[in-house]
Structure formats: C-alpha cells, structure tokens
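Working notes, structure below.
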Amino acid sequence: MRYLYCLACLLLLSTLAQAQSSFVPLNQDYYHLIDRYEIRQGRWADKFHSTVKPYNRQAIMQLVDTLETGTDDYGVGTYLSPTDKFNINYLRDDSWEWASPQPVRALFPPVAVAFGRSTDSTATQPVILRYDEPGDSQRPLFGYFYRKKADFFSVKNDDFDLHINPVVYVGFGKDQALSSSMYTNTRGVEVRGSIGKKLGFYSYFADNQVVYPRYIQDYGKQYGLAAGGFAPGQGVVKTFNSAADFIEARGYFTVNALKIINIQFGHDRNFFGNGLRSLLLSDNAAPYLFLKFSTRFGKRFQYTNLFAELQNGQVVLSGLNLFPQKFTAMHHLSVNLSRRVNIGLFEAEVFSRDKFDINYLNPVILYRYVESSRGSADNAFVGVDLKVNAAQHFLFYGQLMLDEFLIKEVRAANGSWTNKFAAQLGLKYIDVAGIPNLDLQGEFNVARPYTYSHKSGQTNYVHYNQPLATPLGANFMEGLGTLRFQRQRLTVNGTFGVMMKGTDPPNRNYGGNPLLDYEDRLRDYNNTIGQGRKVITTYSDVRLTYMLKHNLFLEGRFLNRQQSSQYVPDSYNTNVFNFAVRWNAPYRSWVF
C-alpha cells in the first residue's frame, strides 16, 4: 500500500508537472563524455550538478547546446576536435527526443535558388536550407525499425514518447587461473519514454549467465549470499553449469513538480561523487527500491533527498521467509561556490524497523537529531565532497566520509577503532599535453578499519551483502588510474591500480569486512590500515573498443592481476583475455 500511495502521488503531481525526461543509466564510458565536456567548457553545467548521478537526458542536451554555441570564461569559443564533434552527434542521437533540430546551411553564389533569388551579386552568405530532425536514420529497416539511429523502435508525438531497444552482451574469454573458459550471455530489453511530456518512465530487464574470473569468484565467497551464486552488483544469483545465473531488472517513474523539484520512484542505483569510486554512495551494490527528491534553486544549489529500502542478505532463509528489510535515508546538498568550485555536504542513516520510520522523511532536519530523539542506535554517516574545474583541462576532486568519528580519540593518536573514516583525492586531466581526446584520471582512496560496519546486517552500510560504497569494504588504501584515447569510433581504455587491504582470518575481525559485527573487533586501540592478513594487488586492464553502429560495440580486453597475500594459498597471478559484442549494454568494470 505504501508503494501504491507513492505511485498515486506521482500521477497526481504529473498533472502539474513540467516537461520531464528519463535518466541515462550509469555507465562509465558514457559518463566520461559528459564530465569531459563540463571540464572543457570551463564551468559547471547549468541544468545539473555532476556530483549527483545519474543525469537526465534533457539536461545533457542543454550542456551539448552550450558547447556548440557558447564561449568560455575568457570569451573564446570552445574548441571541439573532430572526435568531440563525433561524440556530440552521438549524444544528440542517443537523446534525440530532447535535442534541437540542426540547421543545414550552404553557401550560395549569386544565382537563383529554389525558394528565392539573391539580390546581391557579390553575396555568398550561408543560407539555411532546412532543419534536420535529430537522430534520423538514412536507412530505416522495413520502414518501421531504426527510423532513428539510436532506437530499434520509437514513437513520438504530443501525447506519448516511447523508445524500445534490445540489450545483448555476448563475450568469450579465458582466465589462466581457471580450468574452464569464461563467457557472458546477456539478453534483454530496454524501454524508456514519457507520457504527455510530464511523466517519464524507464524499464530494463535482462537475463544473464556469466562465468567470472577466479578473483571475482573468490570475492563472492566473502560477499555472496548465504545460499546461491554471486555476481558483482546483483542481488539473488543462482549457479548454472558453473556460471552465475541472474536476472537484472531496473525501472522507475519520474516527474517534475513545482518546476524546481524532480521526484523519482523505482528500482535503480545512485551515485554521489566524481571519481572511479565513491566513498559516500556508489553503484557497486544491487539496485534497490528508492524515492528521490531533487530540488534545484537556480544554478547554485541542488538538494537531494534519497530514501531507500535495502535487503539484509546475511540471514539464511528457510521456507517462505523473506530477506529482512532495512532502510536508509540520505541527503546531499551541492553548492556551486563559483563557476569553477563546488562543495557538497552529505548525511545518511541506516536503520532497522518493521516499516520505514517517517521521522526520517523530514527533508531538512539533521538525521543525528532524529536518531537520538528516537532513542535508537542507528548507523550514522556524515561526509563532504569538493571539486574544482581548472583551466578547461583539469578537475580536482575529493571526498571525506566520517562514520562515528570521535575528536578526542583522534587527538589521542592511539589508533582507536572509533576513528572510522574514508577519504579520496583525485584528478582528471583531459586533452593531455594538447593531444585531443587523450584523457587521464588518477585517484587515491583510503578507509580505516571498521568503517561502514555496525552491530549487525540490519544496520551496516551494505545491500544484498555488497558494500554501498567501495567494493573493497574497509581497512584498505589504493591508487587507481585510467587512460583513455579516442579517435571517433575507436577507443583505447586502460585501467591500472595498486591496492593494499587487510583481510580477516577465520574467526577474527580486523575491520576489513563491513559484514562483520564491530563489537567482535579484535582490539579497541592500536588499529592501523592494512592490519590482519595483508594483501597487495596490482591490476592492469587494457580494452580496445570499436563502435560499428550506434551503441553496437566490438570489444577486446586483456587483464593482468597479481595478488600477493601473507597467507600464501591466497597468492596467485592471473591473465584474462576476453572478446565481446555489446549492443545497448554498458561495459562492466572488474576493478577489485
């Protein structure tokens, strides 16, 4: 009944709503393009705050229009390489329903033209012949399919907008650490659109069978559900012929209310941050049921309230029992201090009730006050993020997450277990050394022991047994870097990392696994990052991608991972070779 009530409210608000688009699903390659062009224009986007992801399609098109018609802070037009223009056309085609028609111009000598005659014998001015509708395909299939480059089937009129696309991901490979071959087999469908340009909707459904590399299978032994298989970022997974067999389904409604407030309700993931990882909230875990309010006050402020229902997968189910539910309430305030500096403030609570505690629905109160006034011991977090856009080439960014932080223990410098925090520093550098479309990114992440953990699976910062922040959990430090070079349809991606983590031997809790009860900690003081069984991992992943048609990719990949552990049986090296065809399916990152 709660969910039906929320849906009824959405439908009611849609009668007063402004035009509303769906959101672009989280996708590392796709979002790199958008963030790159925000850096390129030298100031923040007008219609969204890029720390809060995903972005809606209408706002992305506004950024694209600004790139083509605007100037930078120095009054100079934004330089666009041929590959940038290719990418802008790609983004236009992908969200064509929100793109502006493009004028087709030609230079005319002093001769008669079809609809007029030149009156100046010396004039050779550009004349607009027509306006091309964005996304049109030159060769529709049977006259009904692929009338638009990006959509297998689409309909758009004043009352209804519909886009339907197949989803296919077929890949084959070999992991030298496994005796069997690897493969990926994904088949599904993606549907998006709007009703009356007021109520937006999105739905994704796919059936998957995947054989993962050995190190991901080992990771699943720690974070998998009590019964069944494991797949990164998924909930319930079965095992079929040694493969992870799972269904992924995501979907939501979205509506704009009171012009400045967007409401979104459904199952999906969210992301707060600007890095490869997020220490606040990432897309690492499975999709979850959520209700999100995004309020924008001009270009300077964006306030996000996120309420979600999570699942405690640490309980062994029997009979007709359901996974125990838990809840989280988050708010994030993003402030553009200037055209180049942005700061964000974050707070979250994870709590266990029979139903959602309506005290946490207050969108402007501090959650810590609600927790204390209820006499509960919920899991509280506060955080801050910062980013600086510099010289149209650089983005400096960082995050700090505090989890039950005690100042007196920090001053004592005695390694108290209560000093639970995570921190991030990062840099994006586009068009390195003046080479168009050569982009680098590097970041450093660290998390103290016992961060994100709590007294039980009902209050830890975990959903379906997988961390809501970084996949490494806690008690780690890492350095990550990416390199990307694109020449229109061809892209080379490299991901590299060095990770140091303290793991937990059987029946000992050194603070690396957020699933464990922190009251079973090994000691109160003298805790250091990397304590326990220290594991050092080096990671190199090189990927070559070619786009045959819109969102149809051929992909070759080589991954080398070397793991060295103080527990010798856990030390091994692996080389992974993989070839895949992706059609409307995002690339899947395996950086663990």
#### Entry: Selection from segment 432-442 of residues that are surrounded by fewer than 19 Cβ atoms within 10 Å (Cβ to Cβ) and part of a loop (DSSP other than H, G, I, E, B)
ILE435, PRO436
### Task
Could you tell me whether segment 253-269 includes any residue that is under 29 Å from LEU63 (Cα atoms), free of Cβ contacts under 8 Å to residues at least 60 places away in the same chain and hydrophobic (A, V, I, L, M, F, W, C)?
yes
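Just to be sure, is VAL335 modelled with pLDDT under 95 and either closer than 26 Å to ASP29 by Cα or outside any loop (DSSP other than H, G, I, E, B) (or both)?
The answer is no for VAL335.
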### Query
Taking into account only those residues within segment 260-275 that are of a type in the set (S, T, N, Q) and assigned to a loop (DSSP other than H, G, I, E, B), which is nearest to VAL316 (Cα to Cα)?
ASN270
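Could you go through segment 34-55 and let me know if any residue there is in a strand (DSSP E or B), farther than 21 Å from PHE346 by Cα, within 19 Å of the chain's Cα centre (by Cα) and touching a residue at least 60 places away in the same chain (Cβ under 8 Å).
no
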### Unmet criterion (only one of (1) outside any strand (DSSP E or B); (2) at negative phi; (3) surrounded by 24 or more Cβ atoms within 10 Å (Cβ to Cβ)) for ASN445
(1)
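From the list THR503, THR470, THR538, which residue is under 26 Å from LEU440 (Cα atoms) and crowded, with 20+ Cβ neighbours inside 10 Å?
THR470
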## Note on the structure
Filtering segment 559-570 down to residues that are under 17 Å from GLN176 (Cα atoms) and either modelled with pLDDT under 95 or in contact with a helix residue (DSSP H, G or I) (Cβ under 8 Å, 6 or more places away or on another chain) (or both) yields ARG561, GLN563, PRO569, ASP570
### Task
Would you point out which residue out of PHE327, PHE323, PHE290 is in contact with a strand residue (DSSP E or B) (Cβ under 8 Å, 6 or more places away or on another chain), over 25 Å from ALA45 (Cβ atoms) and part of a strand (DSSP E or B)?
PHE327
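Return the residue satisfying two criteria in turn: it lies in segment 397-422 and is hydrophobic (A, V, I, L, M, F, W, C) and closer than 17 Å to VAL446 by Cα, and of such residues it is surrounded by the fewest Cβ atoms within 10 Å (Cβ to Cβ).
So the residue we want is VAL410.
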#### Entry: Flag for PRO126 being touching a Ser or Thr at 6+ places or on another chain (Cβ under 7 Å), over 30 Å from ARG300 (Cα atoms) and at pLDDT below 65
no
### Query
Could you count how many residues in segment 366-410 are modelled with pLDDT under 75, charged (D, E, K, R) and either on the phi > 0 side of the Ramachandran plot or assigned to a loop (DSSP other than H, G, I, E, B) (or both)?
1
### Query
Just for segment 166-219: of the residues that are closer than 20 Å to ASP268 by Cα and of a type in the set (Lys, Arg), which one is surrounded by the most Cβ atoms within 10 Å (Cβ to Cβ)?
ARG192
### Cross-chain or 6+ apart pairs with Cβ under 9 Å, segment 514-536 first and more than 17 Å from TYR452 (Cα to Cα), then aliphatic (A, V, I, L, M)
TYR525/ALA412; GLY532/LEU522; LYS534/MET500; VAL535/MET499; VAL535/MET500; ILE536/VAL498; ILE536/MET499; ILE536/MET500
### Message
If LYS299 satisfies all but one of (1) modelled with pLDDT of 95 or more; (2) in a loop (DSSP other than H, G, I, E, B), what's the number of the condition it fails?
### Response
(1)
### Which numbered condition ALA329 misses (of (1) free of Cβ contacts under 8 Å to residues at least 12 places away in the same chain; (2) among the small types (Gly, Ala, Ser); (3) in contact with a helix residue (DSSP H, G or I) (Cβ under 9 Å, 6 or more places away or on another chain))
(1)
### Number of the exception - GLY383 against (1) in contact with a helix residue (DSSP H, G or I) (Cβ under 7 Å, 6 or more places away or on another chain); (2) buried (at least 18 other Cβ atoms within 10 Å of the Cβ); (3) within 30 Å of ASP517 (Cα to Cα)
(1)
### Query
Looking at (1) within 17 Å of the chain's Cα centre (by Cα); (2) crowded, with 17+ Cβ neighbours inside 10 Å; (3) more than 30 Å from PHE301 (Cβ to Cβ), can you tell me which one PHE271 breaks?
(3)
### Summary
Among strands (runs of 3 or more DSSP E) entirely within segment 159-259, at least 3 residues that are more than 28 Å from VAL316 (Cβ to Cβ) and either among the basic types (Lys, Arg) or under 23 Å from the mean Cα position of the chain (by Cα) (or both) occur in 160-175, 181-195, 199-211, 243-257
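Any residue that is farther than 27 Å from ARG557 by Cβ, among the hydroxyl-bearing types (Ser, Thr, Tyr) and surrounded by 20 or more Cβ atoms within 10 Å (Cβ to Cβ) - is there at least one of those in segment 241-258?
Yes; the residues of segment 241-258 include at least one that is farther than 27 Å from ARG557 by Cβ, among the hydroxyl-bearing types (Ser, Thr, Tyr) and surrounded by 20 or more Cβ atoms within 10 Å (Cβ to Cβ).
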### Task
Output yes when any residue across segment 304-313 is touching a Leu at 6+ places or on another chain (Cβ under 6 Å) and of a type in the set (A, V, I, L, M, F, W, C), and no when none is.
yes
### Message
Taking the criterion of being in contact with a strand residue (DSSP E or B) (Cβ under 7 Å, 6 or more places away or on another chain), more than 23 Å from TRP96 (Cβ to Cβ) and modelled with pLDDT under 85, would at least one residue in segment 16-26 satisfy it?
### Response
yes
#### Entry: Filter result for the condition that a residue is at pLDDT 95 or above, surrounded by fewer than 19 Cβ atoms within 10 Å (Cβ to Cβ) and either over 30 Å from ASN165 (Cα atoms) or of a type outside the set (Lys, Arg) (or both), over PHE553, PHE485
PHE485
### Query
Based on what the data block shows, is SER278 part of a loop (DSSP other than H, G, I, E, B) and not β-branched (Val, Ile, Thr)?
yes
### Message
Residues that are closer than 30 Å to VAL316 by Cα and out of contact with any Cys (no Cβ under 7 Å at 6 or more places or on another chain): list the strands (runs of 3 or more DSSP E) wholly contained in segment 461-576 that include at least 3 such residues.
### Response
490-503, 533-549
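The values are calculated or read from the model by the stated rules, or taken from the named source; none is laboratory data. As the structure is a computational prediction, the values presented were derived from the model and not from experiment. Please note: Cβ atoms are built from the backbone with ideal geometry, for glycine as well, and neighbour counts cover all protein chains shown.
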